[in-house]
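Here the structure comes first, spelled out in structure tokens, and everything after it is commentary.
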Ligand SMILES: [Fe+2]
């Protein structure tokens, strides 16, 4: 079925991604699409208690916890394969802090990899990414569960690199949980610096997606609401790039870029 022919949250998101370059799927819509009830969401969010320190962010003065893994995702068949663990390499010329630097992060836990909510998130992102490049049959999905922490008297910076691109096709941020945090405003920008979409993801399951080929993004620092306690912001950042294109599109040559 042509998903753009009917008005559903997925069709709206696909159309918005393709035309505006960014879209916010509200929490209620995402929860429904993920079929994640309270118990499933609580189990999913609990994986963020199992993250490991990011020593690269610590060098920039940011306390960030994370893990990392990658998958091959074929939306047409629903096939999802967990790929071997490798260092994370930022694509060239997209992030000046880490250009050409291999970063070694702890792998995803087996429980996280097997979580049906993660699998549903990836399936949803595959459907959305198809609006940006219909020639792709299999996507490479890089999965980054993050926790940014702000000390009681300080700030935590989710994007120490500032406004940037990830060098991918689709970039997404799924809010998992916030605790005692103010700030953390997510903004997607046009190449000329114009704000295309700016939102504070404050409801668990709110999902921000953008076309990374034509936009930049950044997140403002978080600070504690109650200055006597630490704050944190848990998100799942997932990026998609083409892994395999259809035989027909390969025969026709490379797709037009944007
Ligand atoms: Fe990014």
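The values are calculated or read from the model by the stated rules, or taken from the named source; none is laboratory data. The structure presented is a predicted model; accordingly, all values stated were derived computationally and were not measured. As a convention, Cβ positions derive from the backbone with ideal geometry for all residues, glycine included, and neighbour counts pool all protein chains shown.
Scanning the stretch 149-173 for residues that are closer than 28 Å to residue 192 by Cβ and in a strand (DSSP E or B) yields 164, 170, 171, 172, 173. Against the definition (away from the ligand (no atom under 16 Å from the Cβ), surrounded by 15 or more Cβ atoms within 10 Å (Cβ to Cβ) and assigned to a strand (DSSP E or B)), how does residue 138 come out, yes or no? In short, yes.
Residues 152, 206, 181: which one is more than 15 Å from the ligand (Cβ to nearest atom) and surrounded by fewer than 21 Cβ atoms within 10 Å (Cβ to Cβ)?
152
Cβ separations smaller than 6 Å between residues 6+ apart or across chains give the following pairs from the stretch 145-161 residues that are more than 15 Å from residue 226 (Cβ to Cβ) to residues that are within 13 Å of the ligand (Cβ to nearest atom) and assigned to a loop (DSSP other than H, G, I, E, B): 148/158; 161/95; 161/97. Given 159, 187, 169, which one is closer than 19 Å to residue 60 by Cβ and within 14 Å of the chain's Cα centre (by Cα)? Checking each option against the conditions leaves just 159.
Among the listed residues 135, 109, 159, which satisfies the condition of being over 21 Å from residue 74 (Cα atoms) and in contact with a helix residue (DSSP H, G or I) (Cβ under 7 Å, 6 or more places away or on another chain)? That would be 109, the only listed residue that is over 21 Å from residue 74 (Cα atoms) and in contact with a helix residue (DSSP H, G or I) (Cβ under 7 Å, 6 or more places away or on another chain).
Yes/no per residue for (1) away from the ligand (no atom under 16 Å from the Cβ); (2) under 16 Å from the mean Cα position of the chain (by Cα); (3) modelled with pLDDT under 95; (4) assigned to a strand (DSSP E or B):
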| residue | (1), (2), (3), (4) |
| --- | --- |
| 210 | no, yes, no, yes |
| 227 | yes, no, yes, no |
| 237 | no, yes, no, yes |
| 240 | no, yes, no, yes |
| 244 | yes, no, yes, yes |
| 248 | yes, no, yes, no |
| 251 | yes, no, yes, no |
